[in-house]
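> Let me give you the structure first, and then I'll get to my questions.
The values are calculated or read from the model by the stated rules, or taken from the named source; none is laboratory data. The model shown is predicted, which means the values in this text are computed figures rather than measured ones. Quick reminder, even Gly has a Cβ in these numbers, built from the backbone with ideal geometry, and neighbours come from all protein chains shown. When the accessible area is computed, the model is the full protein with side chains, heavy atoms only, and any ligands, DNA or RNA have been set aside. Shrake-Rupley method; radii C 1.70, N 1.55, O 1.52, S 1.80 Å.
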Amino acid sequence: KAGVTQTPRYLIKTRGQQVTLSCSPISGHRSVSWYQQTPGQGLQFLFEYFSETQRNKGNFPGRFSGRQFSNSRSEMNVSTLELGDSALYLCASSKLGLENFNEQFFGPGTRLTVL
Amino acid sequence: DQQVKQNSPSLSVQEGRISILNCDYTNSMFDYFLWYKKYPAEGPTFLISISSIKDKNEDGRFTVFLNKSAKHLSLHIVPSQPGDSAVYFCAASNSNTGKLIFGQGTTLQVKP
């Protein structure tokens, strides 16, 4: 059974640009959550999508947005990049959603560097 | 506002000894707690969890203790093995919101 995949694995952008990250969940999983990991801050919840609808949202500015497609694949977009957006972006998938906490499976992440 | 805190950035123990990782939280509405382990270049993997109605949960070498009055939980690994060397994250949630709030992580090094 294939795990959660994220593309690209590494990305370098400059300030002001925008970026789109992709996440393919485990087959059959309908929920995809996104997290930002930075040194000293741990993993911070960005948002969760379930059946193409955003169900939960963290405390991030509107520059961070996402969407989910009918095949459950999800994309995350960050516009007008800032240096502080440099981080590891992780997505996690689960069958039913955030209620099944111990069944959240994480992808390897996308390392974004903003210069 | 860090609702979940892991105050020790790193911990080093000898193989065979006990590893104790600590986590504190501030939100009394949290009712579910989890520990994740993360190796470099991989995503976090679920390790063990505990509901607020319990004060202990054990799974093999891993035991999680919850002290609700102190808003504190800990993960005990006995005996520690070199393969346990990783970053450990604690996380907390309220069943009503469903969002997981993570701590900053503790890097565990188990020396042979």
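> State log₁₀ I(q)/I(0) for region A:4-115 at q = 0.10 Å⁻¹ as given by the Debye formula over alpha-carbon point scatterers of equal weight, solvent excluded.
-0.25
> Among the residues of region B:41-79, which ones have their accessible area go down by 50 Å² or more when all the protein chains sit together, as opposed to their chain alone (1.4 Å probe)?
B:Pro44
> Another one. If r is the Cβ-Cβ distance from B:Asn94 to A:Thr38 and R0 is 30 Å, what FRET efficiency results, to the nearest 0.05?
E(calc), rounded to 0.05, equals 0.80.
> Ok, one more. Going through region A:26-76, which chymotrypsin sites (Phe, Trp or Tyr not before Pro) have at most 13 other Cβ atoms within 10 Å and a DSSP loop state?
A:Phe69
> Further question: Please list, by residue number, every one of the GluC sites (Glu not before Pro) in region A:1-109 that is coil in DSSP and has at most 10 other beta-carbon atoms within 10 Å.
none
> Accessible area lost on pairing B with A, both sides, 1.4 Å probe, Å² to nearest 100?
1600 Å²
> Can you give the net charge of the other residues whose Cβ lies under 11 Å from the Cβ of B:Ser28, counting K and R as +1 and D and E as -1?
Once all neighbours under 11 Å are counted, the net charge is +1.
> If we count every other residue with Cβ under 15 angstrom of A:Asp85's Cβ, Lys/Arg +1 and Asp/Glu -1, where does the sum land?
Charge balance in the 15 Å sphere: +3.
> Based solely on C-alpha atoms, express the radius of gyration and the Dmax of region B:17-112 in angstrom.
Cα-based Rg and Dmax for region B:17-112 come out at 13.0, 43 Å.
> Using a 1.4 angstrom probe with every protein chain in place, what is the largest-first accessible-area order of B:Lys37, B:Lys5, B:Lys99, A:Lys95?
Per-residue accessible area, sorted high to low, gives A:Lys95, B:Lys5, B:Lys99, B:Lys37.
> I would also like to ask the following. Would you list B:Met29, A:Met76 from the most to the least accessible area, probe 1.4 Å?
Largest accessible area first, the list is B:Met29, A:Met76.
> If you don't mind, there's one more thing I want to ask. Just the number please: accessible area per residue for region B:1-110, 1.4 Å probe, all protein chains included, in Å².
Heavy-atom accessible area per residue stands at 47 Å².
> Could you compute the net charge surrounding A:Ser72? Neighbours are other residues with a C-beta less than 11 Å from the C-beta of A:Ser72; K and R count +1, D and E count -1.
Within the 11 Å Cβ shell, the charges total +2.
> While we're on this one: When all protein chains stay in place, what accessible area (Å², nearest 10, 1.4 Å probe) is found for A:Thr80?
The accessible area of A:Thr80 comes to roughly 80 Å².
> Go through A:Lys13/A:Lys57; B:Lys38/B:Lys71; A:Lys13/A:Lys95; A:Lys95/B:Lys38; A:Lys95/B:Lys68; B:Lys68/B:Lys111 and tell me which ones have a Cα-Cα distance over 27 Å in this structure.
Cα-Cα > 27 Å for A:Lys13/A:Lys95; A:Lys95/B:Lys68; B:Lys68/B:Lys111; rest within.
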